[in-house]
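Trainee: Below is the structure I would like to discuss, written out as structure tokens.
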Amino acid sequence: MRSVFILALLANSLDLVLTTLGIHGLGNREGNPLLAGLAHGHWLLFVLVKGLIVPLLIVGLYTLRRRTPLFVSAGLAVVLVALAIALGQWLGWMAGVVHVSLLAKL
């Protein structure tokens with residue numbers, strides 16, 4: 001359970017960094033697929049949500065592990081899968097960008 005907790009926190013942090021890089025550095029106008037509207041319309045609010053509120057919710061969920069272990073396990077698994085999908089979509093977008101830029105050079 002602890003490893004899923006740590007992976008969920010790391011995935012959230014990585015998602016925030018990659019979304020920032022994608023939107024502001026690489027021109028990815030889609031950004032984070034889970035919070036795309038918030039990321040484009042209200043950047044500071046997005047950073048607050050992804051950088052503070054989501055980790056606090058993950059930690060809060062983890063602290064409930066003694067009272068409701070099945071609920072916490074399922075909740076952390078859902079969070080981890082959602083964040084892994086978001087990261088996978090970002091990596092897929094990057095693979096497309098690299099592929100198209102290599103084709104453009106030919």
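Trainee: Regarding ILE85, is this residue closer than 22 Å to GLY25 by Cα and exposed (fewer than 15 other Cβ atoms within 10 Å of the Cβ)?
Mentor: Yes.
Trainee: From ASN12, ASN32, which residue is modelled with pLDDT of 75 or more and surrounded by 16 or more Cβ atoms within 10 Å (Cβ to Cβ)?
Mentor: ASN12 is the lone residue from the list that is modelled with pLDDT of 75 or more and surrounded by 16 or more Cβ atoms within 10 Å (Cβ to Cβ).
Trainee: For a quick check of your reading of the model, give me the residue pairs whose first member lies in the range 70-97 and is touching a residue at least 12 places away in the same chain (Cβ under 8 Å), whose second is part of a helix (DSSP H, G or I) and of a type in the set (D, E, K, R), with beta-carbon atoms closer than 9 Å and at least 6 apart or on different chains.
Mentor: Listed pairs, sorted by first residue: VAL72/ARG65; VAL72/ARG66; SER73/ARG65; LEU76/ARG65; LEU83/ASP15; ALA86/ASP15; LEU87/ASP15; TRP90/ASP15.
Trainee: Also: Of everything in the range 44-72 that's hydroxyl-bearing (Ser, Thr, Tyr) and loosely packed, with under 15 Cβ neighbours inside 10 Å, which residue is farthest from LEU16 (Cα to Cα)?
Mentor: Among residues in the range 44-72 that are hydroxyl-bearing (Ser, Thr, Tyr) and loosely packed, with under 15 Cβ neighbours inside 10 Å, the one farthest from LEU16 (Cα to Cα) is THR68.
Trainee: With the checklist (1) among the aromatic types (Phe, Trp, Tyr); (2) loosely packed, with under 14 Cβ neighbours inside 10 Å; (3) at pLDDT below 85 in hand, flag the one item TRP90 doesn't pass.
Mentor: (2)
The values are calculated or read from the model by the stated rules, or taken from the named source; none is laboratory data. These numbers come from a predicted model, not from an experiment. Neighbour counts are summed over all protein chains in view; Cβ atoms, including those assigned to glycine, are modelled from backbone coordinates with ideal geometry.
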